[in-house]
Amino acid sequence: MSEDVVPYQPSTSIIAFEDIKRELRKATPKKERRTRAGPGGMKLTYAPWSYVADRLNEVFGPNWSFESIVEPKMHDGQVIVGVRLITPLGHQDAYGGHKYLPNNPNASYADALQSAMSKALRRAAARWGIALDLYRGDEETRDEDEDVVAARVAMESALKTFNIARSDALAVLEAKTFGEAVMKVMEQEDDEPRAIWECIVRLLANR
């Protein structure tokens, strides 16, 4: 080999596969943290979409993407979406929702849809470890409302998948509305997402 030929050497900036998990789970810098009001007056901490995208770019370069897995739908005044985050490690699915008030001239469906997509992406990325520290229960920052959205979508999907009429479902749950059914279960569960899942279990058990 000629002395003028330099053998190829991988860039030291490329993260080795065994270090990816550690890199993804790095603590979220304080400057990147945002807060917003949550259910019951809880203050929720989250990382913005731009931070999540930056971390994905730093770790995977151009080798990541995301796509919709369900058609956007309106449910209880929210735009609900589902996304799939695809990386060299595989994929993660997540749901997100954002309030949309058609009669509000300062709000648009497009903005609500974008916010819902951003929430879903953040949640999917957290399953890979990005900003996962903000979801720790001991920090009282778990994004409960997104769990509720996912559970509600699962309820709707169960009714559609198994061809369960709403009237039949409400009869099984012994309630006039799904909200009432969930509230009854919450008297024992005291957790809305779990209560919704319990309702789903009851519906499927009575098919």
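Rule-based calculations on the coordinates, nothing more; no lab input. Everything numeric in this text was worked out from a predicted model, so none of it was measured. Backbone-built Cβ (ideal geometry, glycine too); neighbour counts: all protein chains shown.
How far, in nm, would the chain grow between residue 49 and residue 101 when pulled straight, counting 0.36 nm per residue and subtracting the alpha carbon separation?
Stretched out fully, the residue 49 to residue 101 stretch lengthens by 16.5 nm.
Which pairs, out of 30/119; 73/184; 73/99; 99/184, put more than 22 Å between their alpha-carbon atoms?
73/184; 99/184
When ranked by the protection proxy of mean other Cβ atoms within 10 Å per residue, highest first, what sequence do the peptides 115-127, 82-94, 99-111 form?
Ranking the peptides 115-127, 82-94, 99-111 by packing returns 115-127, 82-94, 99-111.
Residue-wise, which Karplus ³J(HN,Hα) couplings in Hz belong to region 116-126, taking 6.51 cos²θ - 1.76 cosθ + 1.60, θ = phi - 60°, and x for glycine or proline?
Calculated HN-Hα couplings, in order: 5, 5, 5, 4, 5, 5, 4, 5, 5, 5, 5 Hz.
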